[in-house]
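Notes for the one structure printed next.
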Amino acid sequence: MADCSETEGLADDVFMIQPSEIICVLWLVQGPTYKLFGFPILLLVLPFFVLVMICAVWVASYFPRSQAHRLKAMELARRGLPADAEACFRKLLAKDENMASSDRLRLLVSLADVLIDRCRYQEARDTLNKALVLGDPRGSANSSMAQSFLLEGNDPENALSLVEKAMELYAEHPPDKLPYDWGERFSNLIRSGFLAQKAWALAQLKRSSEAQQVIDEAVKAVDAAQAGKPNYSKTAPLYGPDFRTVLQLGVAETHWRIAMALLTLRSPRTAIPHLELVRKADPRSKYALLATEQIKQATAPTD
């Protein structure tokens, strides 16, 4: 089981000299002396080596360890390891009681999401209620709350209301300015995820024609998010996941939710292509694991 403590000093590990490098330096010092134009190579290389180490230490000092831990936890959740991700998120929440409310909100929603992945729905909702006290400017807490009800399948009316609230909140607080056309791409991506959730809720309410109409809107939105050739240069921020990963995971999530809506409508034949798109979009994600299992179930021979 992966431990959040594995990320302790992650930033330092990126830049500090590893044991093998120390051995190499000792070999250069104690071993045979090679010369270039009459000067020992070690003397020529050493100033450059020291300068690189100084720069590395300076950069590492500005890399917040809490962000490195959070990225590790997010990656564990993405790969379908919710128990390990939960341990990391809980450690982060307990470690700094004075963190900014926006950071605590994100961690609480992330913790709730992995609790949902572990089918601990009421515990997830309790966690989300704590998050909602801090505000929900982008609708993420409301969307996760809706997800818990949709997976339980016992309150689709409430789920529908929560998704619509999430969409309203996100419309009031669009993404910050992003390079190239990423603002528009992410707006379409997030909107597609909300629409897919809405279609799922409508399907559970047996409002089939409305659900199909919203599914069509979700497909258009997720296609728009991927249209053309995304420009990935300068889109790997130091303190967050790179845009390629966000896009892949978001596309997989949307198509998985669309497939769930179609399966609820008892239309496995049309759901399977979306499950295949899930596996193609982000093969290493938890959604790909779910899609693989659901394809097996949908194509299994019936007695």
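A short reminder: the numbers here are calculations on the coordinates, not readings from a lab. If you're wondering where the values come from, they're calculated on a predicted model, not measured in any experiment. Note that each Cβ is placed from the backbone with ideal geometry, even for glycine, and that neighbours are counted across all protein chains shown.
Could you give me D for segment 174-303, from Stokes-Einstein at 4 °C and 1.567 mPa s, where the hydrodynamic radius is the Kirkwood radius over C-alpha pairs? Units µm² s⁻¹, please.
85 µm²/s
Rounded to a whole number of µm²/s, how large is the Stokes-Einstein D of segment 153-240 at 10 °C and 1.306 mPa s, given Rh as the Kirkwood radius over C-alpha pairs? Before the final figure, lay out each step's value.
Values: Rh = 14.3 Å.
Translational D for this selection: 111 µm²/s.
What FRET efficiency would be calculated for the residue pair Asp155, Ser233, taking the C-beta separation as r and a Förster radius of 35 Å, to the nearest 0.05?
With R0 = 35 Å, the Cβ-Cβ based efficiency is 0.20.
Mind giving me the FRET efficiency for Cys119 and Arg90? R0 is 25 Å, r the Cβ-Cβ distance, nearest 0.05 is fine.
0.90
Grab the Cα-Cα distance for Glu210 and Met53, subtract it from 0.36 nm times how many residues apart they are, and report the gain in nm with one decimal.
Extending this stretch completely gives an extra 50.4 nm.
List, in the order given, every pair from Lys95/Lys198; Lys72/Lys95; Lys177/Lys220; Lys198/Lys280 whose Cα-Cα distance in the structure shown is over 25 Å.
Among Lys95/Lys198; Lys72/Lys95; Lys177/Lys220; Lys198/Lys280, the Cα-Cα distance tops 25 Å for Lys95/Lys198.
Using Cβ contacts closer than 10 Å as the measure, can you line up Lys91, Lys286 from fewest to most?
Fewest-to-most Cβ neighbours within 10 Å comes out as Lys91, Lys286.
So for the pair Ala171, Arg284, with labels modelled 7 Å out along Cα→Cβ, what separation do we get in nm?
Using points 7 Å along Cα→Cβ, the separation is 3.7 nm.
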